[in-house]
1. Which GluC sites (Glu not before Pro) in the range 3-71 sit in a loop by DSSP (not H, G, I, E or B) and have at most 16 other Cβ atoms within 10 Å of their own Cβ?
2. Local charge sum around residue 114 (other residues, Cβ-Cβ under 15 Å, Lys/Arg +1, Asp/Glu -1)?
3. Leaving out ligands, DNA and RNA, and with a 1.4 Å probe, what % of the accessible surface on the chain is carbon or sulfur?
4. Provide Rg and Dmax in Å for the range 4-160, with only Cα atoms included in the calculation.
5. Residue-wise, which Karplus ³J(HN,Hα) couplings in Hz belong to the range 45-50, taking 6.51 cos²θ - 1.76 cosθ + 1.60, θ = phi - 60°, and x for glycine or proline?
6. Accessible area per residue, 1.4 Å probe, Å², for the chain: what's the number?
7. Say the dipole of the chain comes from +1 at the beta carbon of Lys and Arg and -1 at that of Asp and Glu; which of 162, 203, 89 then lies farthest toward its positive end?
8. What residue among 187, 57, 142 has its Cα farthest toward the positive end of the dipole of the chain, where the charges are +1 on Lys, Arg and -1 on Asp, Glu, each on the Cβ?
Amino acid sequence: MSSLLINEVFESIQGEGSFTGVPSIFVRLQGCPVGCSWCDTKHTWDVLPDNVRTADLVMLENEETAHYFDASEKALFELFAAQGYRAKHIVITGGEPCMFDLQTLTSMAIAQGFSIQIETSGTFEIKCASEAWVTLSPKVNMKGGYEVLSSAIERANEIKHPVAMQKHVDELNHIIARRKTSPPPLVYLQPISMQTRATEFAVKTCIENNWRLSLQTHKFIGVE
Ligand SMILES: C[S@@+](CC[C@H](N)C(=O)[O-])C[C@H]1O[C@@H](n2cnc3c(N)ncnc32)[C@H](O)[C@@H]1O
Ligand SMILES: Nc1nc2[nH]cc(C(=O)O)c2c(=O)[nH]1
Ligand code: SF4
Ligand SMILES: [Mg+2]
């Protein structure tokens, strides 16, 4: 067992990528040094000791905060049961979840009959069960100066690339070209912050390249 720092746990519908529409338990881990200027979870970046709370308190909060709690993998599955969650798919996100060793969490999930997915920037080594689905959302030239690891490019089941302009597509093409493993990953373009121009650009580029479009569908319907 290890110690996970958890910003929030909730049940919703996966809004992005190839599992869009799947009822899911979301586990958002605390901490990320990558520094994407357009990140929609900036409250997860810092791990400040003053922001530690109990699991009970964090579960009662219904706004985005930088508060987090510490839990073992076993305690986390007990929390799912106590909450009465019915989803059989787990999404580990953050923050940057791969700052944690996710081997135990993902293996326990598989052993208990869940499917499990990791949302990652690929800037830290991905430690997880072979059955876990890895969604790689590469981050190039961000403030934190982190590189996308080659091991992450090989491990990805899907690449979900945030885009607003041609530069982002050029970066994506470089990343796809680095991949040696077959089959090739599924490729999704996700318009940054659902901006109209970014969305139009993503649609056009998906059609030109036979890639898929990922919209942050949960935001359209106002769910978490
Ligand atoms: C908040 S991140 C957390 C997981 C991990 N740090 C990562 O970046 O993949 C989850 C997903 O949201 C995407 N994302 C974050 N902010 C976004 C924004 N403003 N518009 C579109 N996608 C965004 C990320 O690229 C990633 O695919
Ligand atoms: N519904 C819903 N789907 C999501 N897919 C990826 C998310 C994330 O923040 O990583 C997310 C999220 O925050 N909510
Ligand atoms: S890597 Fe993910 S969590 Fe970190 S700043 Fe970028 S989008 Fe946000
Ligand atoms: Mg989100």
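The values are calculated or read from the model by the stated rules, or taken from the named source; none is laboratory data. Because the structure is a prediction, the values reported are computed rather than measured. Reconstructed Cβ throughout: ideal geometry from the backbone, glycine too, with neighbour counts over all protein chains shown. Note: areas computed on protein heavy atoms with side chains; ligands, DNA, RNA excluded. Shrake-Rupley method; radii C 1.70, N 1.55, O 1.52, S 1.80 Å.
1. 61, 63, 64
2. That works out to -1.
3. Values: 5840 of 10850 Å².
Carbon and sulfur together cover 54 percent of it.
4. Radius of gyration, then largest Cα-Cα span, for the range 4-160: 14.7, 42 Å.
5. Listing the rounded values in order: 5, 9, 10, 9, x, 5 Hz.
6. 48 Å²
7. 203
8. 187
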